[in-house]
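The values are calculated or read from the model by the stated rules, or taken from the named source; none is laboratory data. No experiment lies behind these values; they were computed from the predicted model shown. Counting neighbours? That spans all protein chains shown, and the Cβs are built from the backbone with ideal geometry, glycine included.
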Amino acid sequence: MGKTLTEKVLEQHLVEGKLEKGTDIAIKIDQTLTQDATGTMAYLQFEAIGIDRVQTELSVSYVDHNTLQTDFKNPDDHRYLQSIAAKYGLYFSRPGNGICHQVHLERFARPGKTLLGSDSHTPTGGGVGSIAIGAGGLDVAAAMAGEAFRLKMPKVVNVYLTGKLPDFVSAKDVILEILRRIGVKGAVNKVLEYTGPGIKTLTVPERGTITNMGTETGATTSIFPSDEITKEFLEAQERGDQWILLEPDNDAEYDEKIEINLSELEPLVATPHSPGNVKTVKEIEGLKIDQVCIGSCTNSSLRDLKAVAGILKGKTIDESTVLTVSAGSRQVVEHMIHSGEMLDLLKAGARILENACGPCIGMGLAPKSDAITLRTFNRNFLGRSGTRSAQAYLVSPETAAVSALTGKLTDPRSFGKLPKSEMPEKFIVNDNMIIPPLSIEEAKNVDIVRGPNIKPLPEFGPLPDNLEGEVLLKVEDDITTDHIMPAGAQILPLRSNIPEISKFVFNVVDESFHDRSLEKGGGFIVGGDNYGQGSSREHAAIAPKYLGLKAVIVKSFARIHLANLVNFGIVPLTFENKEDYNSIDQGDKFEVDLTTLQTGKVTLKNLTKNVEISLLHSLSETEIEELKTGGKLPHIKQKHT
């Protein structure tokens, strides 16, 4: 039996286990990336492990999230990150160099390598044939210390592409079509592996858009083969020597198959408040809009901005519509300036933002009250834009650009003839804003710079045999990490200060949660399906743990958040019978016996209702040991002391 592309890469990196679906495996990590919203905590954890230098082939620290500097906090963290990179042997991508996933795709991602990133959209690297996985910061810190990364061997889904995208239909519409079919939890514990003749019509930036937003399906990662198109891209980036041919075997067997004829796709839109609420643009065309934001790690490549510039050239945006454009990297900006296309954007009325994450994470450019905002981003969760009453719709760059001209959601095919744009044969390569690692000898003289907002890591004790407390909060299906630990300009700068950031836990759901948690001495959260979907932010586990959260009991978990709960000593449990969810009320008092944890099943006593409920877990022996120790960090420190 032949092997899938996923199996080939995982086999080359397998440290423990067998490539059998659903079993626990551990893989060697070649590369890591962090960004400044998750990186500060990740490096505090790395320091706590006590390793002198990163053990990976390559690790990069990016500054792209917290670039809005309204006080000292963010710039202080940037200096901390730069000094950490110098001390421990990382590359450092300075503020203004670009969005981590775009820059990593351009300058570092390699076919056949494994990449672990403290950002859920790390699978962008799958656009060049790498196994790129998003994880919590502690998992990335552990990988930098030489630890293997543990996961369940995922199923591999073959997404078989035929045909060619019509004019005004783009890669964003491909992934929106997949989301329309399988939803935001349809690929949990699965890899989306793209094959078929249709992939030969997609450039690496287009492939990167698809693998980036595959995260919204719950997928462990997404991957394209490394073929002649990959080779052409790497050669244009002056990295042709890093190319290898990497494809699945002709007789590879997949667990599932999705077939998409690219020629039959049309412009799509994800409606509020989920990337899975997908409709055709035609279905809701004519919706009056207030704001259009083009950019993010999903759609900020040179290919995307050239398409936008071609549509806007010689025209002016609607007088009642605000348009923002943020490129993904300095490389993209340089090309747009040299070609004159940046001028086309400016003349059309676009507000040019820094090449950073910006409005995608609510870091500036919040829309007005009750606004309709079109975004080429990957998420449209409630309140993520910075304005709770706003309605965010996710679209392609082509749909966004045409709609900015008309002032309403518009099928871009009505524009007329698609303006043609040429991609350069060679990209402008200038890495002067990426600081390479110092030598071991030079690094010895580096002092770590710590601002006053960087507080010591909280320490959590070992897990007791019994958990007691009340249900602090009961929530529904598809609770995101944005619900648990919001982002935005007010909160993101507090990522290195757990006592302060904990004040915002669940405040978009229940503003009293912080005070009640402290008053009750912690307790339990009960939730529905797909609990913890979205961002990899481990603060959605650390901050609730700081408030005393003991266990989360739900119908099902999103992959990364489940791992983060274990990492910080919070017990993740699921209902054996999902109907038991309905019998629980907020305020019920629980007692959970953990002495049977090794069996995969524990008993919950609802003291308020005088009933017993059977709970399950999917934890490996290693994860159980980590939980008992108090989390992943004390468990690793035990190994290194």
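Among ALA252, ALA219, ALA236, which is the only one that is in the same structural domain as GLU106 (by TED's automatic domain parsing), touching a residue at least 60 places away in the same chain (Cβ under 8 Å), over 20 Å from LEU5 (Cβ atoms) and of a type in the set (Gly, Ala, Ser)? Write out each step before concluding.
Working: ALA252 fails: over 20 Å from LEU5 (Cβ atoms); ALA219 fails: over 20 Å from LEU5 (Cβ atoms).
After ruling out the rest, the residue left standing is ALA236.
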Any pair with Cβ under 7 angstrom, 6 or more apart, that starts in region 57-83 at a residue that is in the same structural domain as SER93 (by TED's automatic domain parsing) and closer than 27 Å to LYS113 by Cβ and ends at one that is hydroxyl-bearing (Ser, Thr, Tyr) and in a helix (DSSP H, G or I): LEU81/THR40; LEU81/TYR43
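Restricting to region 347-393, what's the tally of residues that are aromatic (Phe, Trp, Tyr) and either assigned to a strand (DSSP E or B) or farther than 16 Å from PRO486 by Cα (or both)?
Within region 347-393, residues that are aromatic (Phe, Trp, Tyr) and either assigned to a strand (DSSP E or B) or farther than 16 Å from PRO486 by Cα (or both) number 2.
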Which numbered condition trips up LYS632, out of (1) among the basic types (Lys, Arg); (2) free of Cβ contacts under 8 Å to residues at least 40 places away in the same chain; (3) surrounded by 22 or more Cβ atoms within 10 Å (Cβ to Cβ)? (2)
Counted residues in region 394-445 being part of a helix (DSSP H, G or I) and of a type outside the set (Val, Ile, Thr) come to 14
Among residues of region 609-636, those that are over 20 Å from ALA558 (Cβ atoms) and either outside the structural domain of GLU591 (by TED's automatic domain parsing) or acidic (Asp, Glu) (or both), counted: 3
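Residues checked against (1) assigned by TED's automatic domain parsing to the domain that holds LYS306; (2) without any contact (Cβ under 8 Å) to a residue 60 or more places away in the chain; (3) in contact with a Phe, Trp or Tyr (Cβ under 7 Å, 6 or more places away or on another chain); (4) more than 30 Å from THR34 (Cβ to Cβ):
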site	(1), (2), (3), (4)
THR376	yes, no, no, no
ARG384	yes, no, no, no
ALA392	yes, no, no, no
VAL402	yes, no, yes, yes
THR406	yes, no, no, yes
PRO419	no, no, no, yes
LYS426	no, no, no, no
VAL429	no, no, no, no
MET433	no, no, no, no
Flag for LYS306 being among the basic types (Lys, Arg) and within 30 Å of PRO95 (Cα to Cα): yes
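Looking only at region 45-72, count every residue that is assigned to a helix (DSSP H, G or I) and surrounded by fewer than 21 Cβ atoms within 10 Å (Cβ to Cβ) and tell me the total.
Adding up the residues that qualify gives 3.
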May I ask you to list pairs of residues, at least six apart or on different chains, whose Cβ atoms are under 9 Å apart, with the first in region 454-482 being under 30 Å from SER83 (Cα atoms) and the second being assigned to a strand (DSSP E or B)? THR481/GLN533
I'm told ARG303 meets every condition in (1) of a type in the set (D, E, K, R); (2) closer than 27 Å to PHE108 by Cβ; (3) touching a Gly at 6+ places or on another chain (Cβ under 7 Å) except one. Can you identify the failing condition by its number? (3)
Answer yes if at least one residue in region 416-433 is within 29 Å of the chain's Cα centre (by Cα), closer than 30 Å to PHE168 by Cα and crowded, with 17+ Cβ neighbours inside 10 Å, and no otherwise. yes
What's the number of the only condition in (1) free of Cβ contacts under 8 Å to residues at least 60 places away in the same chain; (2) more than 22 Å from HIS514 (Cα to Cα); (3) not polar (S, T, N, Q) that ARG450 fails to meet? (1)
Would you check if LYS172 is of a type in the set (Lys, Arg), assigned by TED's automatic domain parsing to the domain that holds LYS28 and surrounded by fewer than 20 Cβ atoms within 10 Å (Cβ to Cβ)? no
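Would you mind finding the one in ILE258, ILE229, ILE244, ILE210 that is hydrophobic (A, V, I, L, M, F, W, C) and surrounded by fewer than 18 Cβ atoms within 10 Å (Cβ to Cβ)?
Among ILE258, ILE229, ILE244, ILE210, only ILE244 is hydrophobic (A, V, I, L, M, F, W, C) and surrounded by fewer than 18 Cβ atoms within 10 Å (Cβ to Cβ).
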By my count, strands (runs of 3 or more DSSP E) wholly in region 509-619 with at least 2 residues that are closer than 28 Å to TYR43 by Cβ are 549-554, 571-575
Test: residue in region 152-165 that is in contact with a Phe, Trp or Tyr (Cβ under 6 Å, 6 or more places away or on another chain), surrounded by fewer than 24 Cβ atoms within 10 Å (Cβ to Cβ) and under 30 Å from THR40 (Cα atoms): no
